[in-house]
1. Can you find even one residue in segment 128-144 that is within 16 Å of the ligand (Cβ to nearest atom), among the aliphatic types (A, V, I, L, M) and over 17 Å from the mean Cα position of the chain (by Cα)?
2. In segment 251-258, is there at least one residue being of a type in the set (S, T, N, Q), within 16 Å of the ligand (Cβ to nearest atom), open to solvent by less than 10 Å² (accessible area, probe 1.4 Å) and in a loop (DSSP other than H, G, I, E, B)?
3. Among the residues of segment 190-205, write down those that are more than 21 Å from Ile164 (Cα to Cα) and either among the charged types (D, E, K, R) or in contact with a Leu (Cβ under 9 Å, 6 or more places away or on another chain) (or both).
4. Give me the strands (runs of 3 or more DSSP E) completely within segment 1-108, filtered to those with at least 2 residues that are surrounded by fewer than 21 Cβ atoms within 10 Å (Cβ to Cβ) and hydrophobic (A, V, I, L, M, F, W, C), ordered by residue number.
5. Which count do you get for residues in segment 289-313 that are outside any loop (DSSP other than H, G, I, E, B) and open to solvent by 70 Å² or more (accessible area, probe 1.4 Å)?
6. Given Gly199, Gly270, Gly246, which one is open to solvent by 10 Å² or more (accessible area, probe 1.4 Å) and in contact with a Lys or Arg (Cβ under 9 Å, 6 or more places away or on another chain)?
7. When both residues are 6+ apart or on different chains and their Cβ atoms are under 6 Å apart, which pairs have a first residue that lies in segment 156-185 and is within 16 Å of the ligand (Cβ to nearest atom), and a second that is aromatic (Phe, Trp, Tyr)?
8. What pairs come up if the first residue lies in segment 189-211 and is closer than 24 Å to Pro131 by Cα and in a helix (DSSP H, G or I), the second is among the hydrophobic types (A, V, I, L, M, F, W, C) and away from the ligand (no atom under 15 Å from the Cβ), and their beta carbons are under 9 Å apart, counting only those six or more places apart or on different chains?
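The values are calculated or read from the model by the stated rules, or taken from the named source; none is laboratory data. On a predicted model such as this, the values are computed, not experimentally measured, just so you know. Cβ: placed from backbone, ideal geometry, glycine included. Neighbour counts: every protein chain shown. Ligands, DNA and RNA are excluded from the accessible area calculation, which covers all protein heavy atoms including side chains. Shrake-Rupley method; radii C 1.70, N 1.55, O 1.52, S 1.80 Å.
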Amino acid sequence: MSRRIIIGAAQLGPISRNESRRAVVVRLIELMREARSRGCDLVAFPELALTTFFPRWYFESQDEVDCWFEREMPGPETQALFDEARRLAIGFYLGYAELAVESDGVHHYNTSILVNKHAEIIGKYRKIHLPGHTENEPWRRFQHLEKRYFERGNFGFPAFHTSIGGHQGVFGMALCNDRRWPETYRVLGLQGVEMTFIGYNTPVHYSQAPEHDHLQAFHNHLSLQAGGYQNGMWIVGVAKAGDEEGSELLGQSCIIAPTGEIVTMCSTLGDELATASCDLDRCSEIRDNVFNFEQHREPDTYGLICETKGGVDTLKT
Ligand code: CDV
């Protein structure tokens, strides 16, 4: 017995500033159809997959900011994606900028959703680790204003129990910068998550430490592979890649086994699908052994992780 599901990592090439949602959705549908023709049960798209990566620009007015956000999901431009998913009977994971009207007012989140093969949204995640800065910093080659345009997600890291490809499993979501933080995977791992979907937009150039630009590709896989292995879960990492409005974005979309091995990876910086057959039962290879949490974790010695944010000065304590 195994619980094999076929997953597609649908990398997107660049989206230009003036490309319409409708045009992007056509690209997504094309990748979705290819995924279905290759037998995929679910296809995963990147972070902020409906527009260009707009936090690279500083906008004066809130109206200029809000035009990048979705007020409803599905909305008039994204309905076609849901319709096609239902027709093909394929699930999907999608990142987008969410404008949410909640009881206490309007909120802006960097969001992802998990949609089942009936085109029903069965899970929503709002990005926790928001990188970048809040003020315009013209010295940078480009801005990274996620801290200005988004609020921290208010759902934590939920686990979703659902069926994909006829198999019941436990699924999690994260977005881009989340993948660099071990806490992301561990919180998901502790809830028994067996597969985590992570869309990303990663500029190769990092303004504050450009001497590390050549390490972007290494750090991407280092984080994804370590997170998968140390928690015995599948990882589906999906990039928006290529030269987007003068900012070079990393590719390397990949699917990683619970052993930490990359089982498939995109080889271009454009729209490209990488697929893998993923047996959710393989999580136990790790979870029953080297990372058997119940047997080997020592949580009473880890208190500092939650007690402090920036660390403690051990000379003073
Ligand atoms: N979209 C992101 O979260 N990007 C960050 C960059 C700014 C470092 C990342 O972690 O890839």
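1. no
2. yes
3. Tyr200, Asn201, Thr202, Pro203, Val204 - these are the residues of segment 190-205 that are more than 21 Å from Ile164 (Cα to Cα) and either among the charged types (D, E, K, R) or in contact with a Leu (Cβ under 9 Å, 6 or more places away or on another chain) (or both).
4. Answer list for segment 1-108: 91-102.
5. Residues of segment 289-313 outside any loop (DSSP other than H, G, I, E, B): 293-296, 299-301, 304-307.
Imposing the further condition that a residue be open to solvent by 70 Å² or more (accessible area, probe 1.4 Å) reduces the set to 294-296, 299-301, 304-307.
Selection size over segment 289-313: 10.
6. Gly246 is the lone residue from the list that is open to solvent by 10 Å² or more (accessible area, probe 1.4 Å) and in contact with a Lys or Arg (Cβ under 9 Å, 6 or more places away or on another chain).
7. Met173/Tyr125; Met173/Phe197; Cys176/Tyr200
8. Gly189/Met233; Gly189/Phe291; Gly189/Phe293
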